[in-house]
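What follows is a single structure, written as structure tokens, with notes after it.
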Amino acid sequence: MVPEERRFLQTAYHAWENSGCFATESQNQNTGVFVSVMFSHYQNLDDERPVSGSFAAIANRVSHALDLHGPSIALDTMCSGGLTAVHLAMNAIRSGECDTAIAGGVNIMSHPGKYRVLTEQKFLSSTGACHAFGAAADGYVPGEGVGAVVLKRVSDAQRDGNRIYAIIRASALNAVGRASGFTVPSEESQRRVISSALKRAEIEPSEISYIEAHGTGTELGDPIEFRALESAYGEEGETVYFGSVKSNVGHLESAAALAGLIKVVCQLSARVLVPTLHCNIVNPELDLESSRFKLVRETMPWKVGPSQRRFVGLSSFGAGGSNGHMILQEYEGVSPDVPKTSPSWYFIPVSGRDESALQRRINELIAYLSANANVVMYGLSWTLSCAREHFRFRHGVWARDVAELKEALSESQGPVPAASDLDPMWRERVEAWQEGADVPFTDLFPVPYLVDLPLYPFRNDEYLLRSFRTDEKTLEVTQDRQPPSDSLPLSPRWQDRAANDSSNECLDRILVLLDERADVPEDLIGVEASVVRPPDLTGSSKLDTLVDREGSENIVCIDLRREWTTQQILAFVGYLCKLGRPTTILSACQLNDHPEVRAMPGFFLGLAEENPKVRAIRVQYDRWPGLASILAESRTDKDVNDVRLVAGRRHV
């Protein structure tokens, strides 16, 4: 499976569990699957092992695993794909093509080439943060994520005892058509799709109290979207709040609408509005002061509107012109009452695909009970008996209350009720279940009662392509073992290169950075250099004394440390920036050093990218080449920042 296929399968399974749909499995075969996906580059990572890249498998895998017989569709409308998937799923239910649907989106960035393309086209935020509707908005921040929801008619969900989070009243789609540019959004098209969704929802614009905007944080897109919102929702009515989840999790592209939908559902559940980040200074082009719109910039209670119900608008727009808008309504349901004739003993079944999974489920259930001592035992039994899939490895216990259940789960054999305390049908089916039979429990419960319990604990296994598996041998650089010419763009290609002879250049001030108890290298003796240890790094007075020399202009730091702390790094870097003197940092490490040690020079390389007065060079070696060889790297090849000294040869 490609990563998108596996991740969406797991998430769809969790959504199916969470909704309670396993309790009506026989009725759920007429279920559709609709999933949005884009940028599938996983198959480009390894030319030696072809990987299927069909989007269709992402939807079909879920249909196969859950035995669902409705439409199974994977689609790509760019960044509006998630909302499009939900829209098509609702239409399929309304038309009778299916009774239930799983709709969602998945976005995984498995290849670095995507960032290269986005960088070349100047799509990315210059700060690395999403400034949705903020004055600093100048590009978006890609994010990874997967989301899935289960859709049903309200009446069917109420009948089946499913958990209902919200009601989708209506949705609408359209396209920009021809615009001034292929990726340029259209204010008029966005206004039309919003107005269409409001008309289908049969509510007035003034009834909407919150809008989850598309809000990607781009200089062009944010003002256009805000003007479309003002035009479609009008200026009449009370304050309408708006925000964008992209400031929190980035732009999930094909799963972006799912991120917004889930945020809205969580806000409805808590009746709280959460802030949009990185927008302390609002984009002045929005002119919020003269409108009824207010950007949520701090957590606040979500007050009910004039209609005494909370209504929400949700926008999602795709590059290339595919637009979507959705109207949601909070669901005001009540928990079912526990039957007055409830039994005194409750059966609690737990199962897993293997022994490890079974134990993980038991441990998670014990942790849940410790945090939820007031959970309804009837609901606990119904959820685990009827709304969970039963696997081969099983452990079932009887209990009368939470305390007894926790104790029973911790033991191999819990209490066994007397025969007179159990209904014969219960005893018969439990015995069959313990023997491994596929046993129905639903008819033993007078009413369904779904409890929010831990979901199936999938193993967090890693699946790496062979080209990404490395051992110590791959670190060796030799004449007959060079990286392939078609390696990834970010893979280093090492070449033999002798050092240029620049011995006539003057070295001004040399600092050698050592760990607190490290020995001074023998070849340092006789070299005009100063040793710097940890206490010297947290204050500038000692460093000032070491670097301050009449006529001294350049500083060369030879970093031989292995135990940098974050405080020391930040203090030293802050000192160099404040000093403002041309500085070369030579970070020396062995090829077989711990990965964290070999990665540390990357911090200084990043500093050099941002500070023109700092040059950083990483020197890796198989055996100590001598201080003179390390020092020579500061005087040669100004275009080189990574050097390997292996078997007496120099590679850059």
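The values are calculated or read from the model by the stated rules, or taken from the named source; none is laboratory data. Computed from a predicted structure; not experimentally measured. Glycine gets a Cβ as well: all are built from the backbone with ideal geometry, and neighbour counts include every protein chain shown. In case anyone asks, the SASA skips ligands and DNA or RNA and just uses the protein heavy atoms, side chains included. Shrake-Rupley method; radii C 1.70, N 1.55, O 1.52, S 1.80 Å.
Once R0 is set to 22 Å, what does the formula 1/(1 + (r/R0)^6) return for the Cβ-Cβ distance between LYS122 and ASN500, expressed as a FRET efficiency to the nearest 0.05?
0.05
What's the long-distance tail for the chain, i.e. % of Cα pairs beyond 32 Å?
Tail fraction, whole percent: 63.
For VAL532, list long-range residues whose amide hydrogen, built 1.01 Å from N in the peptide plane, is under 5 Å from its own amide hydrogen.
The answer is VAL512, LEU513, LEU514.
Using a 1.4 Å probe over the heavy atoms of the protein chains, calculate the carbon and sulfur portion of the accessible area of the chain as a whole percent.
Solvent-exposed carbon and sulfur of the chain make up 49 percent of the total.
Using a ≥ b ≥ c from the Cα gyration tensor of region 199-245 (square roots of the eigenvalues), is it rounded, prolate or oblate, where a/c under 1.5 gives rounded and otherwise the larger of a/b and b/c decides, a/b for prolate?
The shape class here is prolate.
Which shape class applies to region 343-457: rounded if a/c is under 1.5, otherwise prolate when a/b exceeds b/c and oblate if not, where a ≥ b ≥ c are the square roots of the Cα gyration tensor eigenvalues?
Rounded is the answer for region 343-457, as its axis ratio a/c remains below 1.5.
Which whole-number percent gives the relative contact order of the chain, counting Cα pairs below 8 Å spaced six or more residues apart? Each step should come with its number before you reach the end.
Working: 1201 pairs, mean separation 75.3, N = 652.
Contact order relative to length: 12 percent.
Order these peptides, 420-429, 331-340, by their mean beta-carbon neighbour count within 10 angstrom, highest first.
Values: 420-429: 13.0, 331-340: 11.2.
Top of the packing list down: 420-429, 331-340.
With a 1.4 Å probe and all protein chains left in place, how much accessible area per residue does the chain have, in Å²?
Spelled out: the 1.4 Å probe surface of the chain, per residue, equals 48 Å².
Rank by packing, highest mean first: peptides 176-189, 32-45, with packing defined as the count of other Cβ atoms within 10 Å averaged across residues.
Values: 176-189: 14.3, 32-45: 23.3.
Packing order, densest peptide first, comes out as 32-45, 176-189.
Going by accessible area, probe 1.4 Å, with all protein chains left in place, what is the ranking of HIS594, HIS64, HIS390, largest first?
Ranked list, largest accessible area first: HIS64, HIS594, HIS390.
Please say if region 190-336 is rounded, prolate or oblate, where rounded means a/c under 1.5 for a ≥ b ≥ c the square roots of the C-alpha gyration tensor eigenvalues, and otherwise the choice is prolate for a/b larger than b/c and oblate otherwise?
In terms of gyration-tensor shape, rounded.
Can you compute 3J(HN,Hα) from phi for each residue in region 386-402, using the Karplus curve 6.51 cos²θ - 1.76 cosθ + 1.60 with θ = phi - 60°, rounded to whole Hz and x for Gly and Pro?
Those phi angles translate into 10, 10, 10, 6, 9, 9, 5, 8, 10, 8, x, 9, 9, 7, 9, 8, 5 Hz.
On a full-extension model of 0.36 nm per residue, what is the gain between ASP438 and VAL338, subtracting their alpha-carbon distance, rounded to one decimal in nm?
Separation in residues times 0.36 nm, less the Cα-Cα distance, equals 33.4 nm.
By how many nm would the segment from ASP287 to SER370 grow when fully extended, if each residue of separation counts as 0.36 nm and the alpha-carbon distance is taken off? Don't skip to the answer; put the middle values down first.
Working: separation 83, 0.36 × 83 = 29.88 nm, distance 5.04 nm.
Gain on stretching ASP287 to SER370: 24.8 nm.
Along the charge dipole of the chain, which of PRO3, ALA403, CYS21 sits closest to the positive end, that is, farthest toward it, with unit charges on the beta carbon of Lys, Arg, Asp and Glu (+1, +1, -1, -1)?
Most positive-ward Cα: CYS21.
Please identify which residues in region 62-98 have an amide N closer than 18 Å to a label point set 7 Å out from the Cα of PHE182, following the Cα→Cβ vector.
76-81
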